[in-house]
Amino acid sequence: MAVWDKNPGHTGILFEHSDGSMMLLHLASHQTLRMNQPTRKNGWVRARIPKERLEQVAALCERIWHKHGTNIPYGFRYVATRFSRAGEFKKGLGTGETGLTCATFVLAVFASVGLDLLRLEEWEKRPEDGARFEEILNTFKEGGVPAPALAIMKQQIDAVRYRPLEVAGGSMFTPPASFQDASGRATEIEQELRGE
């Protein structure tokens, strides 16, 4: 299941923990991976994926949390980063990739169990993507993210952006979802959040 904050700029993975509770695993910021119980501020969609495959995703989420705690860096470029079966991150970095966003964290987790949620090759850089990455960098700078980490992210400002609601919307289709399907469903989710 994919989940998003009612602020449409964030997404994560809602899954059933081994103790039976529902948990939300999400990359909140640079080196700020969080696992907590969902709240009323979260919306969610059911991924169109067989239950046994979702159980693999849930198991990997737990391994990632136990392996990394909070320590996963933020990075804008994403194509091939994966987690190992043991939940290790750094060994699975794609070429030229240094971290993940909240949206690409979800993509990487699903891809790590053999489920590509989106047809990545259909996404193109959009004019407003760089401006959004700049906003994130400014927020990180104000929040005290170290200058070397900011410099690495700045080099990736030209990356293709996979938007949080597109990832959530794309999960509602048999994978991998097309750009048209994922972006169309993202628009529907955003309209629902605004009460339109």
- Message: Quick check on my filter: what residues within the range 42-58 are in contact with a Gly (Cβ under 9 Å, 6 or more places away or on another chain) and either over 24 Å from Gly9 (Cα atoms) or acidic (Asp, Glu) (or both)?
- Response: Arg53, Gln56
- Task: Just one of (1) among the small types (Gly, Ala, Ser); (2) touching a helix residue (DSSP H, G or I) at 6+ places or on another chain (Cβ under 9 Å); (3) part of a helix (DSSP H, G or I) trips up Ala159, so point out which.
- Result: (3)
- Task: Output the residue which, of all residues in the range 74-94 that are touching a residue at least 40 places away in the same chain (Cβ under 8 Å) and surrounded by 19 or more Cβ atoms within 10 Å (Cβ to Cβ), is nearest to Leu115 (Cα to Cα).
- Result: Tyr78
- Query: Could you give every pair whose Cβ atoms fall below 6 Å, whose first residue belongs to the range 16-27 and is touching a residue at least 12 places away in the same chain (Cβ under 8 Å), and whose second residue is of a type in the set (Gly, Ala, Ser), counting only separations of at least 6 or pairs across chains?
  - Reply: Glu16/Ala58; Leu24/Gly12; Leu25/Gly12; His26/Gly12
- Message: Condition first: crowded, with 18+ Cβ neighbours inside 10 Å and closer than 22 Å to Leu150 by Cβ. Can you find one or more residues in the range 111-132 that meet it?
- Response: yes
- Give the range 142-153 a look and list any residue that's surrounded by 12 or more Cβ atoms within 10 Å (Cβ to Cβ) and part of a helix (DSSP H, G or I), or say none. Ala149, Leu150, Ile152, Met153
- Message: So Thr139 ticks every box in (1) at pLDDT below 95; (2) hydroxyl-bearing (Ser, Thr, Tyr); (3) surrounded by 23 or more Cβ atoms within 10 Å (Cβ to Cβ) but one. Which box is left unticked?
- Response: (3)
- Message: Among (1) modelled with pLDDT under 95; (2) assigned to a helix (DSSP H, G or I), there is one condition Val57 misses while meeting the rest; what is its number?
- Response: (1)
- Consider only pairs whose beta carbons are under 6 Å apart and that are at least six residues apart or on different chains; among these, list those whose first residue lies in the range 101-127 and is more than 23 Å from Glu52 (Cβ to Cβ) and whose second residue is at pLDDT below 95 and among the hydroxyl-bearing types (Ser, Thr, Tyr). Cys102/Thr11; Ala103/Thr11
- Pick from the range 45-73, criterion within 16 Å of Val167 (Cβ to Cβ) and either of a type in the set (A, V, I, L, M, F, W, C) or within 16 Å of the chain's Cα centre (by Cα) (or both), ranking: surrounded by the fewest Cβ atoms within 10 Å (Cβ to Cβ): Arg46
- Message: Of all residues being of a type in the set (A, V, I, L, M) and in a helix (DSSP H, G or I) in the range 162-196, which is nearest to the chain's Cα centre (by Cα)? Just the residue, please.
- Response: Val167
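Per-residue answers, yes or no, for (1) closer than 16 Å to Phe179 by Cβ; (2) of a type in the set (Lys, Arg):
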residue	(1), (2)
Lys91	no, yes
Thr95	no, no
Thr104	yes, no
Asp116	yes, no
Phe140	no, no
- Item | Within the range 1-41, considering residues that are at pLDDT below 90 and in a strand (DSSP E or B), the one surrounded by the most Cβ atoms within 10 Å (Cβ to Cβ) | Trp4
- Message: Being at pLDDT below 95, touching a Gly at 6+ places or on another chain (Cβ under 7 Å) and either buried (at least 19 other Cβ atoms within 10 Å of the Cβ) or more than 24 Å from Gly114 (Cβ to Cβ) (or both): is that true of Ala186 here?
- Response: yes
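The values are calculated or read from the model by the stated rules, or taken from the named source; none is laboratory data. These numbers were taken from a predicted model, which means no experiment stands behind them. Backbone-built Cβ (ideal geometry, glycine too); neighbour counts: all protein chains shown.
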